[in-house]
Amino acid sequence: MKYCILTQLKYIGMLAERDLGYRSVFITDDKIKHSKLFARRLMSDEV
């Protein structure tokens, strides 16, 4: 956040997903959905 203030960038947010370890699949349908929603938010005029 401080980087955005110093460089006069607009902080929009971030997307993070939890990795449950080697015994589980990392990329799930929910994570794909979250990624798409976040990308759409970045490209929209709402920002």
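The values are calculated or read from the model by the stated rules, or taken from the named source; none is laboratory data. What you see is a predicted model, and the numbers here were worked out from it, not measured in a lab. Methodologically, a virtual Cβ is constructed for each residue, glycine included, from the backbone with ideal geometry; neighbour enumeration extends over all protein chains shown.
Summary table
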quantity	calculated
Selection from segment 12-28 of residues that are surrounded by 10 or more Cβ atoms within 10 Å (Cβ to Cβ) and either of a type in the set (Lys, Arg) or under 17 Å from Leu42 (Cα atoms) (or both)	Ile12, Leu15
Identity of the residue in segment 29-47, of a type in the set (A, V, I, L, M, F, W, C) and either touching a residue at least 12 places away in the same chain (Cβ under 8 Å) or in contact with a Phe, Trp or Tyr (Cβ under 6 Å, 6 or more places away or on another chain) (or both), that ends up surrounded by the most Cβ atoms within 10 Å (Cβ to Cβ)	Phe38
Pairs where the first residue, in segment 1-20, is closer than 22 Å to Ser35 by Cβ and the second is at pLDDT 90 or above, C-beta under 7 Å, 6+ apart	Leu15/His34; Leu15/Ser35; Leu15/Phe38; Glu17/Lys31; Glu17/His34; Asp19/Phe26
